[in-house]
1. Against the conditions (1) part of a helix (DSSP H, G or I); (2) more than 16 Å from ligand 2 (Cβ to nearest atom), where does residue B:495 fall short? Just the number, please.
2. Taking region B:345-376, which residues are out of contact with any Pro (no Cβ under 7 Å at 6 or more places or on another chain), open to solvent by less than 30 Å² (accessible area, probe 1.4 Å) and within 16 Å of ligand 2 (Cβ to nearest atom)?
3. Are any residues in region B:418-453 under 15 Å from residue B:130 (Cα atoms) and away from ligand 1 (no atom under 16 Å from the Cβ), and if so, which ones?
4. Name the residues in region B:1-39 that are assigned to a helix (DSSP H, G or I) and among the acidic types (Asp, Glu), would you?
5. Specify the residue that is nearest to ligand 2 (Cβ to nearest atom); the eligible residues are those in region B:281-295 that are open to solvent by less than 20 Å² (accessible area, probe 1.4 Å) and farther than 17 Å from residue B:348 by Cβ.
6. When the residues of region A:131-160 are filtered to those that are open to solvent by 10 Å² or more (accessible area, probe 1.4 Å) and polar (S, T, N, Q), which remaining residue is farthest from the other protein chains (Cβ to nearest Cβ)?
7. Would you mind stating whether residue B:212 is closer than 25 Å to residue B:366 by Cβ, within 16 Å of ligand 2 (Cβ to nearest atom) and touching a helix residue (DSSP H, G or I) at 6+ places or on another chain (Cβ under 8 Å)?
8. Answer yes or no as to whether residue A:115 is assigned to a helix (DSSP H, G or I), closer than 27 Å to residue A:40 by Cα and within 11 Å of chain B (Cβ to nearest Cβ).
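The values are calculated or read from the model by the stated rules, or taken from the named source; none is laboratory data. Everything numeric here is computed off the predicted structure, so don't read it as measured data. Counting neighbours? That spans all protein chains shown, and the Cβs are built from the backbone with ideal geometry, glycine included. The accessibility values were calculated without ligands, DNA or RNA, using every heavy atom of the protein model including side chains. Shrake-Rupley method; radii C 1.70, N 1.55, O 1.52, S 1.80 Å.
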Amino acid sequence: MEKIMEKNDTHAFGFWVYLMTDIIIFGVLFAVYMVLRANTFGGPTSNDLFSLPTALVNTLVLLTSSFTCGLMTLAARKGKVNQTIAWLIATFALGATFLALELGEFSRFIAIGASWQRSAFLSSFFTLVGTHGLHIAVGLLWIIVAIVQLKLRGLTPGVTSKLTRFALFWHFLDIVWIFIFTTVYLMGML
Amino acid sequence: MEHFFLGDLTWSDLPHQWFTIGGTGAIIVGGIIVAAVITYFKRWTWLWKEWLTSTDPKKIGIMYIVMASLMLFRGGLDAIMIWIQQAISAGNAPGYLGAAHGYLDASHFQQIFTAHGDIMVFFVTMGFFFGIMNLIVPLQIGARDLAFPFLNSLGFWLYVAGAVFINMFFVVGGEFAASGWLSLPPLSEIQFSPGTGVDYWVWSLQISGLGSLLGGINFIVTILKMRVKGMKLMMMPLFTWTSLCSMVLVVASFPVLTITTLLLWFDRFFGMHFFTSGFGGNPMLYVNLIWMWGHPEVYILVIPAFGIFSEIVATFSGKKIFGYVSMVCSAIAITLLSFLVWLHHFFTMGAGADVDAFFGIMTGIIAIPTAAQIFNWIATMFRGRIRFTTPMMYFMGFVSLFTFGGMAGVLLSIPGADFELHNSLFLVAHFHTMIVSAALFGIFAGITYWFPKVFGFTLNEKIGRRAFWLWIVGFFMSFVPLYILGFLGATRRLDHYAASTGWQPFFIIAATGVCIIAAAVITQAWQVIVSIRDRRQNTDTTGDPWDGHTLEWATASPVPFYNFAKTPVVDGRDAFWEMKKRGERPGILPPDGYDDITLSKNTGMAIYLSGFVFLAAFGLVWHIIWLALLGIFGAIACVIIRSFDEDTEYVLPAAEVERLEKLAWKK
Ligand code: HEM
Ligand SMILES: [Cu+2]
């Protein structure tokens, strides 16, 4: 038992180090966005494109999903398999909503000719926000796998440790989104 | 329809120039020979079960070193081709093989340059270091394995996939990036490099970079979490310390490389405008980002070598290392400072005098902790009983060359001087002096030093020393002319030059030097062959042929796959030396007997996963969308399947350990 605890501890630490590398990737994307955001090359600017309500709804959805994810962790800690699965499904639904809203925004932009090919500003916008979206998609896949494993195995130490790491990942994406919301959307609409 | 299946591939992408035919032929013939030998000796199952699918860090380490050695030959061939071209391409004399000057046309020449640099950095030096770290770090900290054995295997196989990928252009496409080892835009953008060369470049770095990143995470967790009881951080052997520093640099800087080159590829593939010269793109942004990775990278390549030399100097001087604490502190200082100097690679960008001055001064400051290390090594040797073995010879060569090249670096760090010398052959000479003396000599010294630990017999000293002298002489002959040529105004990557410059004699001397280096490498290969032949005379029966200080010497040679039969107890630095002083001997049945040992099982999943990643990259380079999707989904499927597998370990019973230990120490 002590061995297993130690191992889960090591896994969690390794995952933290991985998250550091992801932070650096996002850090570079933020820096690139900051450098290029004014380079609209005569195309639409952030003021022309962004709408506060959309961004706000997105933020609320993702924040709520972080909340349900937290409840999932609590349920898992109490050893309640079905509750854990229920909260995972809620998190999935919110994450999927977020992704759908984001893709909707992207396609609206593309429809009016504001695609990633239009200007350096738009390239960096699509890449930064899209990279976050891709992470969310990976998280959704992870939820599905986690649910299957919960059904098959219940809350074994291995599955619990995976859930812990998933929760870290999901909260991390939430924090990244807060940065995107403030630096991209809020600052872009000033 | 054809485009759906084959993407941008056409018949003309198959080999038809002399070098692609040659390269492809070499790959095919080499493959057939290897396959024939394995089949003849009926070794396929053995190869698959004992080696390719192994998660034992020692086996992975050996495979890294074998692969890196192959790539050293490959990159060395590039070097020879470059030098021959430069030696014969003065003036307007007609060229050979259809080239206007020399025997390589301009574009082909530039491609060789790119390939040479990338292969030497990513697949030779990084490969060797990951190999040596796999072999030695777990032993030095008294661990049985890395923290994540599967990720270790995956990191290795991604490295292999990247190494194969960088050679794929021989077989399909016939063209590599002609844009230099860092492929700076706008030259590397689709507008100026329309072929697939740059895409091959991007994806081989993506694949192998991912492998390095996994390795970095793995070693950090291993060193911080898996040390034996009692070994505090300030008791770790110095090679472990410098490995930790190097891996911290990997984890902090490789993501930057990954994302930066990916953005370049987005420009090329999706028509984005990060670094293009139009549409608001900013090429200098790329240059900044790539050097934010690039400068730490040069320290990733030398810091582990510092650690290797620290072990060697202490052992062969018969003393503890002088100034252990200052060694650790200076390694950490170098690690941190290396993030604050990137701009010295492009003072000429025009960031202004203040910015240039800041980065110039920071660059000068980095020389201080480096010098501290050098003084400590010399102080360790002072009044020591020095044994001039081959590793020690490499150390002496390293100290003299490294100091020399470091001073050239300090000279370059003065912005005013750098405006003159930037991108000249003086710069090329500077960084070759640094990388060859530290990284390569460190690797050679380390391999010679630890060879008996891994294989159970020592390498032939006489031939080893001969190889060393050939290296030193060859190195001086090929790079001193470059310092001079740099002062005379020769820039890097020249495929020809006017005869009136008077440079040709220097280029000829340099090319002769390269031939001597080639002789050195052949001598090293010969050294290994002779040593294998004479292994009975040179068997290491004690497990401790050099009177070592650190834990790796407390095991039998070759190291059993479970490393330590009984995990050692540590209460200070130089743990094994202290044990020996107390009169403890390894290999004796401990009073409380042996324990069961848990080890990780073999797995082929890392191979499948890397294979899918390889396919995805190939599909993306050639715009074969179905193949790319197949690769991506295949890789995801592998990850998911692996995550379902909880049966990844097995137990070696104590009785079996006892039997194996008896066998290992009987010799
Ligand atoms: C004493 C410490 C060092 C100083 C002061 C120093 C200084 C410099 C400077 C100023 C440059 C830029 C020159 C130019 O582009 O005009 C440079 C380039 C370079 N240095 Fe160093 N350096 C030092 C150590 C090292 C070490 C230890 C390595 C590698 C092992 C190294 C590898 C390189 C490489 C690879 C380049 C540039 C390659 C390129 O432009 O493609 N340097 N160095
Ligand atoms: Cu540098």
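1. Exception for residue B:495: condition (1).
2. Selection gives B:346, B:359, B:362, B:363, B:364, B:366, B:369, B:370.
3. B:447, B:450
4. Narrowing region B:1-39 to residues assigned to a helix (DSSP H, G or I): B:2-6, B:11-13, B:18-39.
Once the filter is applied, which keeps residues that are assigned to a helix (DSSP H, G or I) and among the acidic types (Asp, Glu), region B:1-39 yields B:2, B:13.
5. If we take residues in region B:281-295 being open to solvent by less than 20 Å² (accessible area, probe 1.4 Å) and farther than 17 Å from residue B:348 by Cβ, then B:293 is nearest to ligand 2 (Cβ to nearest atom).
6. So the residue we want is A:160.
7. Values: closer than 25 Å to residue B:366 by Cβ: yes; within 16 Å of ligand 2 (Cβ to nearest atom): no; touching a helix residue (DSSP H, G or I) at 6+ places or on another chain (Cβ under 8 Å): yes.
The answer is no for residue B:212.
8. Details: assigned to a helix (DSSP H, G or I): no; closer than 27 Å to residue A:40 by Cα: yes; within 11 Å of chain B (Cβ to nearest Cβ): yes.
No.
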